[in-house]
1. Suppose we filter segment 285-302 for residues that are over 20 Å from G226 (Cα atoms), away from ligand 1 (no atom under 16 Å from the Cβ) and touching a helix residue (DSSP H, G or I) at 6+ places or on another chain (Cβ under 7 Å); how many remain?
2. For segment 164-195, give me each residue that is within 15 Å of the chain's Cα centre (by Cα) and charged (D, E, K, R).
3. Restricting to segment 154-164, and then to whatever is in contact with a Ser or Thr (Cβ under 9 Å, 6 or more places away or on another chain) and touching a residue at least 60 places away in the same chain (Cβ under 8 Å), can you tell me which residue is nearest to ligand 2 (Cβ to nearest atom)?
4. Do you know which of the residues in segment 96-150 that are within 8 Å of ligand 1 (Cβ to nearest atom) and among the small types (G, A, S) is surrounded by the fewest Cβ atoms within 10 Å (Cβ to Cβ)?
5. Please tell me if L282 is under 17 Å from R333 (Cα atoms), within 16 Å of ligand 1 (Cβ to nearest atom) and assigned by TED's automatic domain parsing to the domain that holds V338.
6. Open to solvent by less than 10 Å² (accessible area, probe 1.4 Å), among the aliphatic types (A, V, I, L, M) and within 13 Å of ligand 2 (Cβ to nearest atom): does that describe V198?
7. May I ask you to list the residues in segment 96-113 that are in a helix (DSSP H, G or I) and without any contact (Cβ under 8 Å) to a residue 60 or more places away in the chain?
8. For residues in segment 41-76 being at positive phi and among the small types (G, A, S), which is nearest to ligand 2 (Cβ to nearest atom)?
Amino acid sequence: MIQFRLCNPTEIVFGAGQISTLSKLVAPGTRVLLLYGGGSIKRNGTYDKVMAALRDCDVTEFAGIEVNPVYETIMKAAAVVREKGVELILGVGGGSVVDAAKFLATVAPLDVDDAWDYLLAGGRVATVLPVGAILTLPATGSESNPVSVISNHGKRLKLPFAEERARPRFAILDPDTMASLDTRQLQNGVVDAFTHVVEQYLTLPVNAPVQYGFSEVLMRTLVEWGPRLVERNDAEARETVMWAANQALNGLIGAGVPQDWSTHMIGHAITALYDIDHARTLSMVMPSLLRFRNAAKEAMLQRYARNVWDITESDPRAAGEEAIRRTEDFFQRMGCPVRLSDVAPIKIDPAEIVEHLERADQKALGEGRDIGLADVRAILHMAA
Ligand code: NZQ
Ligand code: ZN
């Protein structure tokens, strides 16, 4: 195992009806910024539950956080945070809102001209405001991890930022909030969570039977329960997928193992330039990326084939290829594209993606930092 440190302080409050516990998690009188998106929380009743639980707090609202949250909008929220002397940022929604809440908590106290450039240059961050999350869409794991993926419209970039102190102090996961999710968002959530496991598991093998074993349980769970969630959206499927998606990216399975994340960086570029849903950019890239990397990933692909897909083929290459084929088939069953051409009439130009990666300083990807820009171009041509 690689040496690691792990500290996940997010208190998870899980289960139906748990939004009311907010009144105990936030002290009366706290100045709260309630951050949310395009209004789904008003339509499904979550907003009313949150406001009822916060009746003894001093609440300011900031609505309109976009899907793939936008830097320029978050900077408007930062001005509100400063003006009102906000003490807690509460993100209520999916990964976009929770990511925005964490980034806002980091940038609002900063007194700099351009927080984006400042953070990318490694500028010191003295204070980060406390964050709370109420999750309504399981997918990203954002509710208990330190990452915010932010889009800068001015620069046409989508980049991840990590700030340990922005990990939510608490995250309420009430599976009932998922009842109003449409099929596309349910599909996206399952596929995104599945790829998070793959990016931490299908790399170079180290001695990590605990992490790999748990990863396999998470993948098998998503393969079994994802389709059920999409077909029935029943209470058991909701709670199962909500918990699996959280565990897929809360730091546990990634501790002590090499991590890849090349599919994600390519996917972020596709979203930045073509505005395609996050999960769908991953499903259209990952199968080709795994095929391109089948030699480097051979040992773990073989294990994946056996332990996730029950493939008994003894030839490692053939087993790996069959496992990739099953992965592709799973993405398709979840209604997601597996080739760039599946999103026609949108025409994705590999040169533009490569240029985004170059501007993002993501020129050496993969678990061995050995996927260069020429390799990305080749992967995207394979995925055409
Ligand atoms: O904006 P509202 O009105 O709330 O509607 C949202 C949005 O339109 C809607 N929605 C959310 N909960 C709902 C609901 N509609 C009905 N009922 C509910 N209960 O769903 C739409 C998508 O929401 P969004 O938050 O954008 O989806 P998701 O959770 O998939 O988040 C995607 C973002 O997370 C980033 C992605 O890049 C993307 O920007 N990621 C964050 C990661 C992290 N922090 O670790 C890792 C991921 O790999 C990912 O990159
Ligand atoms: Zn993702």
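1. Residues meeting the conditions: 10.
2. Selection gives R167, D192.
3. Filtering segment 154-164 for residues in contact with a Ser or Thr (Cβ under 9 Å, 6 or more places away or on another chain) gives 157-163.
Applying the additional criterion that residues be touching a residue at least 60 places away in the same chain (Cβ under 8 Å) yields 157-160, 163.
Values: L157: 17, K158: 12, L159: 14, P160: 10, E163: 18 Å.
Result: P160.
4. Top of the filtered list is G141.
5. On the way: under 17 Å from R333 (Cα atoms): yes; within 16 Å of ligand 1 (Cβ to nearest atom): yes; assigned by TED's automatic domain parsing to the domain that holds V338: yes.
Yes; evaluated as a whole, the condition is true for this residue.
6. Working: open to solvent by less than 10 Å² (accessible area, probe 1.4 Å): yes; among the aliphatic types (A, V, I, L, M): yes; within 13 Å of ligand 2 (Cβ to nearest atom): yes.
So V198 fits the description; yes.
7. Matches in segment 96-113: S96, D99, V107.
8. Going through segment 41-76, the residues at positive phi turn out to be 45, 64, 68.
Filter again for among the small types (G, A, S), leaving 45, 64.
On the way: G45: 27, G64: 23 Å.
Here the answer is G64.
The values are calculated or read from the model by the stated rules, or taken from the named source; none is laboratory data. The structure displayed is predicted, hence computed values, not measured ones. Neighbour counts are summed over all protein chains in view; Cβ atoms, including those assigned to glycine, are modelled from backbone coordinates with ideal geometry. Please note that ligands, DNA and RNA were not included when accessible areas were found on the heavy atoms of the full protein model with its side chains. Shrake-Rupley method; radii C 1.70, N 1.55, O 1.52, S 1.80 Å.
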